[in-house]
Amino acid sequence: MVTPSNPGPGRPCTGPLDGIRVLDLTSVVLGPMATQVLADLGADVIKIEGPEGDMMRANGVSQHAGMSSIYLALNRNKRSIVLDLKSEEGAQALRRLIAQSDVLVHNMRVAAIERLGFGYDAVAQLNPRLVYCMATGFGQDGPHADKPAFDDIIQAGCGLVDINTLGGDRPEYVPSLIADKTTGLVLANAVLAALLHRERHGVSQCVEVPMLETMASFVLVEHMGGMAFEGATQGAGYARLLHGGRRPLRTRDGWICALPYTDRHWRSFFRAIGRQDIGDELHIEDKARRNANIRQLYQHMAEIIPERPTAEWIALFERLDIPVTPIHRLDDLPQHPHLEAVGLFQQTRHPTEGTLREIRPTTRFSATPLSLRRHAPVLGENTAEVLHEAGFTPGEIARVVAAPGATA
C-alpha cells in the first residue's frame, strides 16, 4: 500500500516541475484538474481556499464532510491553506505568498478577482516574474465576457450537445464533465508554455484560457466539414462519425466494440467469416467507395455479430489484428487486465479517509518519475506549515488563522 509522504528539505526530485511553486485559487473541476497536472509533475501546489472550502468537497460520494470522491480525485499532491481574502490578514498573506511564487492560477470571474485586489496588473506589481493564468468561461474581448459558465453551458454553446443529439429525440449532455476537464488540460499546457518562455526570455505574462473558445476549437477539429470552405454546399460535421453507423455491437451474450478500419481489416474480416461477397458488393478495396458504403458495412456487422459469443469474436478480431474490446463497466475498471497490470489503481492510506483507491499519474518520465506523494488535504491542513515556510512569524500566523473562518 502506498502512503503519500510530505517531502521536506533535501527531498529527492519528484517530477520535472520540482522547485516550481503554484498558487492555486481555483475551485470545482476545471482549475483543480489543471493544477493537479502541475502538482503531479512535481510543482508545489498550494491550494488556497476560502473559509467555506472548495464547493467540490461536497460533490460525489463522501464518508466525511468535505472529503468527497471528486475532491479526492482532483486534489492529490497539493497542500491546502485557508485564507479569507476579504479580510486584510488573508489578503496580506496572499500578497506575501505571491512575491515568493512562480505561478498563480484562478478560475474566478475577472471582475470578482479584481474586486479582491488580485487582478493581473496588481499581482504583476508584487512579482514581475509571476506567470498569471486565468480560466474564463468566455474570452474577455467578447460580448459574453461577464457571463457565468459551467460545463453544461459550454457543452451546449460549443456544439457538443448538438452532435450528441443526432439520432435521439431530445438534446443530451455528454455524461462527463468534458468541457471542464478538457479546458483544464489546456490550462495546464498554457502554464507550462508560459513558464518555458519566462525561463528562456525572462518575461512573464498573463495567460487566458476561455472555455467556450477552447471547446469550440476542440469539437470542430473533425466537425468543421463544409464550413472550412467558402461557398461549400455541405455543412459542418464529420459524416463518418455522425451518420456512419459506428455503434457498440451486440454479441450472442454481451457487447463489444470492434473497428475494422483499413481495407486489410475489412478483407480479413469478411474472409474469416466466409462472406467475401459482402466486401465485393460494397467495394471495400476502393477507399472512396468503401467510405460511401460505410453505413451498409456497419449494418452488416451489426447483423452478423449476434451469431457468436463475445469471447469468440474477441479471439477472432485479435487474431486478425483488428481493434476490439469488450464494453467495460465503470465498476469493473480496476480489474481491467491492462490497467491492473500497469498499476493504474493504487491503494493509499489517507489520515482521515482511511484506505483509498486512487489513480496514479499516468505520464512516465525516466529521469523524474511521478508519484502519489501527498494525500488530498483536509481543508486548511497546511495553513501554518506553508505560512511558516514563507517566513511568517508565529504571531503573524496566529493573526491569519484568527481571521474570519480561517483554519490552521
Legend entry - Filter result (over 19 Å from the mean Cα position of the chain (by Cα) and either of a type in the set (Lys, Arg) or closer than 15 Å to Thr214 by Cβ (or both)) within the stretch 160-184: Arg170
Inset, instruction - Determine which member of the set Arg271, Arg247, Arg264, Arg275 is of a type in the set (Lys, Arg) and closer than 29 Å to Asn164 by Cβ. - result: Arg247
Inset, instruction - Given the conditions (1) buried (at least 17 other Cβ atoms within 10 Å of the Cβ); (2) farther than 27 Å from Leu41 by Cα; (3) touching a Ser or Thr at 6+ places or on another chain (Cβ under 6 Å); (4) hydrophobic (A, V, I, L, M, F, W, C), report the number of the one that Val219 does not fulfil. - result: (3)
Legend entry - Candidate set: the stretch 206-237, residues that are among the acidic types (Asp, Glu) and over 16 Å from Ala135 (Cα atoms); chosen: the one modelled with the highest pLDDT: Glu222
Legend entry - Residue count for the stretch 68-127, restricted to those that are hydroxyl-bearing (Ser, Thr, Tyr) and not in a helix (DSSP H, G or I): 4
Inset, instruction - Could you please let me know if Ala135 is closer than 30 Å to Leu220 by Cβ and either aliphatic (A, V, I, L, M) or free of Cβ contacts under 8 Å to residues at least 40 places away in the same chain (or both)? - result: yes
Legend entry - Yes/no for Ile70 being closer than 30 Å to Ser366 by Cα, among the β-branched types (Val, Ile, Thr), in the same structural domain as Arg198 (by TED's automatic domain parsing) and surrounded by fewer than 24 Cβ atoms within 10 Å (Cβ to Cβ): yes
Legend entry - Residue under evaluation Leu241, criteria (1) surrounded by 14 or more Cβ atoms within 10 Å (Cβ to Cβ); (2) of a type in the set (A, V, I, L, M, F, W, C); (3) under 27 Å from Leu320 (Cα atoms), criterion not met: (1)
Legend entry - Hey, Leu212 closer than 22 Å to Pro32 by Cα, in contact with a Phe, Trp or Tyr (Cβ under 7 Å, 6 or more places away or on another chain) and not in a loop (DSSP other than H, G, I, E, B) or not: yes
Legend entry - Segments classed as helices (runs of 4 or more DSSP H), wholly inside the stretch 232-317, with at least 1 members that are free of Cβ contacts under 8 Å to residues at least 24 places away in the same chain and of a type in the set (Lys, Arg): 263-272, 287-292
Inset, instruction - For the stretch 320-382, please list each of the strands (runs of 3 or more DSSP E) lying entirely inside it that holds at least 1 residues being outside the structural domain of Gly254 (by TED's automatic domain parsing), charged (D, E, K, R) and under 15 Å from Lys78 (Cα atoms). - result: 354-359
Inset, instruction - With respect to Arg247, determine if the residue is out of contact with any helix residue (DSSP H, G or I) (no Cβ under 6 Å at 6 or more places or on another chain), crowded, with 17+ Cβ neighbours inside 10 Å, at pLDDT below 95 and not aliphatic (A, V, I, L, M). - result: no
Inset, instruction - Answer yes or no as to whether Ala302 is aliphatic (A, V, I, L, M) and surrounded by fewer than 16 Cβ atoms within 10 Å (Cβ to Cβ). - result: yes
Legend entry - All positions within the stretch 184-213 that are out of contact with any strand residue (DSSP E or B) (no Cβ under 6 Å at 6 or more places or on another chain), farther than 19 Å from Arg21 by Cα and crowded, with 21+ Cβ neighbours inside 10 Å: Met211, Leu212
Inset, instruction - Go through (1) closer than 30 Å to Val131 by Cα; (2) modelled with pLDDT of 95 or more and name the single condition Val203 misses. - result: (2)
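The values are calculated or read from the model by the stated rules, or taken from the named source; none is laboratory data. This structure is a prediction, so every number in the text was calculated from the model and none was measured. Counting neighbours? That spans all protein chains shown, and the Cβs are built from the backbone with ideal geometry, glycine included.
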